[in-house]
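Below is one structure; the comments refer to it alone.
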């Protein structure tokens, strides 16, 4: 899931980063996306920040995701967030896509075929996260449209 969108005036490539996951242009050259920024190294946080001349960083995580990630944030990512907060050339906007991630996955699981749900639930006895992975596969195969079927 996209967690951050960058609408920026910069030219960066994903090859410049190893700790910034899933960073790539969506609409070249000014709109980029990435996964969470919580694992940024100090060096890559500085490269990213110094490359941002002006723009908007949209944080698409819900409040729960933000709180969970704070406990795992690296010094580099914390530095980056601090710089964003103090910046007069960049704007960080919190625009969560989902208000309740757990409810989203509960609905996804409830829409899975009964046998798939049963098999994945039984598999959790020996393999942690089996139901979560089955729900993710279902969502990938059906798309969000699959959640609107009765």
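What follows is calculated from the coordinates using simple rules that are stated; it is not laboratory data. From a predicted model like this one, the values you see are computed outputs, not experimental measurements. When we count neighbours, we look across all protein chains shown, and the Cβ atoms used for this are built from the backbone with ideal geometry, even at glycine.
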Counting DSSP beta bridges in region 21-125, what percent are antiparallel, to the nearest 5? 40 percent
With label points set 7 Å from each Cα along the Cα-to-Cβ direction at residue 121 and residue 89, the distance between them in nm comes to 5.5 nm
Long-range Cα-Cα pairs in region 101-148 (distance over 18 Å), rounded percent: 21 percent
